[in-house]
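J.: Sending over a structure as structure tokens; questions will come in a sec.
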Amino acid sequence: MFVDRYQGVYMRKENFEIAKSINFIFCSHPLNKKNVDEDYLEEYQAAGLNHTCALFSFEDLENGKLSLYGEDIKGVTIYRGWMMPPHMYENFYNLLLEKGIQLINSPKEYAKYHLLPGWYSDFEGLTPFSVWNKSRDIGDALELTEGLEGAFVVKDYVKSRKHEWHDACFIKDIKDEKESGRILRNFIDRQGENFEGGVVLRKYESLKSVGIHKESGMPISEEYRIFVFKGEILVADNYWNENEEVNISGEEYLWIESIASRIESSFVTIDLARKADGSLIIMEMGDGQVSGLQQIDAYGFYRAFQNQDKGNIYSIEYVKETINELIKMGVEPEVTLCFRGNESEYMIIGYADHVSFQRCGYYDGSGEIEYKTLDELFKSELIDGICLKRDWNKVIDIYGPDYFNDFEFKKDLYKEIVALRNKEWGDRYPIFKIVKKEIDKWNPYGLLPDCPQDEFDGESMRIAMDMTWDHTVDQIAKCISDEFTFSFEDSDMFSFKSCIPIAENIKDNMDYFIKNGRIKK
């Protein structure tokens, strides 16, 4: 399984209700406070497609003043902008709260995950061994090295200087006092006023390399940035390689979910790296509001708050609710799914008393399995190792009955269409379903599955309209022969005799429907 770079998994309904209507607030441009900071322009545009967005002056906030611009917002809001020291964030939070605007993370939550000492003890053993102090004094920093062995990375509570890898970040041998002193002194001096908290020493881990940074010489490893929203994975992507697949296994994905569920904040990032032995390790955590998108596409990121992927724009809950509504209307909905990295198409079919899942196509077996409920189906291990609840992020296309894409807004219209269809067909509509099923299996000229799935629907509908439940095999065969000879002008291919086998299958299925109230698999 691969975790998709734009959507980790569908949200719980209660989280989705919050996410889809959340506000965003961005830093304004330093020279034009009514415009967004140019570094956040793309995010601002992407967020604005589905969310209300406001601006504020970062520079004014540094001076203790809140200056708001853009759209008026109220309620739960996510800040997207530059890092703030915890005391500045607390002031920001309180000033906004006076305006009826509540940032998604409290000042306590912000500080806990913005500063390494806040979250380290909760995940000790899953992240590199670390020691720290509360000082920027070089003497105190050197005292931290006592008793340590091996290679270490130096940082403060928030940031390292990894792009100055060999001068102010990486200590090859912590026992080498001269080299350790040089790196520590460079780090403290160069951090300057950006120094946050104290000095942190993190044990250097041997990671799976994907190259060397051209400018700094820093080793680049297989790393991932995970955005977590209210205990659930929102988005996952590579930290360095924009076009590479996010190669996280199903077991690793569950491990990340377990970490996400332990986070005591509503919006956080987890940075993971793959060790040389193949396992994953937590490299950093951060407040999600001040964490960069790295390689994540801005539009994909903000679609995730609407439970929308690039190709699959439907949440699991939407699909379930739509299928159930269609079943109540007397329809047997067929929803087709396409998965990333899988050439086959799959179908969910809803019946009055059960649902089924199957692989489309008739040459390698459909693998159709029946379930009592949609909930059972979505939780189960299906054909080809698919579990819809786990693998929903891999769905890149999904299509179903008419109005499926906006069913929640057009269900009344669809009810009218179903009523008209029932009036026209009466109790004979299942005949069309049976004819279509058998004609598609017959697949004259081998047009399926390369052609659209409705390739023979016109012929199937006209055949069904000429039939009744008491038609004999010969009568059905004549209907098929007449229709296909007319459509394809091939009397030899569609002779009465050649149509007998397909007619027998249709008749057999009609008899089965009369007896059992449903179409045979």
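J.: Which of the residues spanning segment 294-341 are modelled with pLDDT under 85 and part of a helix (DSSP H, G or I)?
T.: Of everything in segment 294-341, those that are modelled with pLDDT under 85 and part of a helix (DSSP H, G or I) turn out to be Y299, G300, I316, E317, Y318.
J.: Only residues that are at pLDDT below 80 and under 14 Å from Y351 (Cβ atoms): list them for segment 367-399, please.
T.: Within segment 367-399, just E368 meets the criteria.
J.: So A260 passes all but one of these: (1) at pLDDT 85 or above; (2) more than 22 Å from E124 (Cα to Cα); (3) outside any strand (DSSP E or B); (4) touching a strand residue (DSSP E or B) at 6+ places or on another chain (Cβ under 6 Å). Which condition number does it fail?
T.: (2)
J.: Sort through I463, I439 and tell me the only one that's surrounded by 15 or more Cβ atoms within 10 Å (Cβ to Cβ), aliphatic (A, V, I, L, M) and in contact (Cβ under 8 Å) with a residue 40 or more places away in the chain.
T.: Only one candidate passes the filter, namely I439.
J.: Name the residue that is modelled with the highest pLDDT, counting only residues in segment 2-39 that are surrounded by fewer than 24 Cβ atoms within 10 Å (Cβ to Cβ), among the basic types (K, R) and outside any strand (DSSP E or B).
T.: Among residues in segment 2-39 that are surrounded by fewer than 24 Cβ atoms within 10 Å (Cβ to Cβ), among the basic types (K, R) and outside any strand (DSSP E or B), the one modelled with the highest pLDDT is K20.
J.: Any residue in segment 330-356 that's on the phi > 0 side of the Ramachandran plot: show its pairings with residues that are buried (at least 19 other Cβ atoms within 10 Å of the Cβ) at Cβ separation under 9 Å, as long as the two are six or more apart or on different chains.
T.: Filtered contacts from segment 330-356: G341/K394.
J.: Moving on to the next point. Quick check on this structure: which one of S249, S266 is of a type outside the set (A, V, I, L, M, F, W, C) and within 22 Å of G118 (Cβ to Cβ)? Break it down into steps so the answer makes sense when it comes.
T.: Details: S249 fails: within 22 Å of G118 (Cβ to Cβ).
Unique residue meeting the criteria: S266.
J.: OK, next. So which of V268, V246 ends up being within 18 Å of the chain's Cα centre (by Cα), part of a loop (DSSP other than H, G, I, E, B) and not assigned by TED's automatic domain parsing to the domain that holds I78? Even if it seems obvious, please write down each step before you answer.
T.: Values: V268 fails: part of a loop (DSSP other than H, G, I, E, B).
Just a single option satisfies the conditions, and that option is V246.
The values are calculated or read from the model by the stated rules, or taken from the named source; none is laboratory data. Predicted model, so just to flag it, every value in this text is computed and none were measured. Ideal geometry is used to build each Cβ from the backbone, glycine not excepted, and the neighbour counts take in all protein chains shown.
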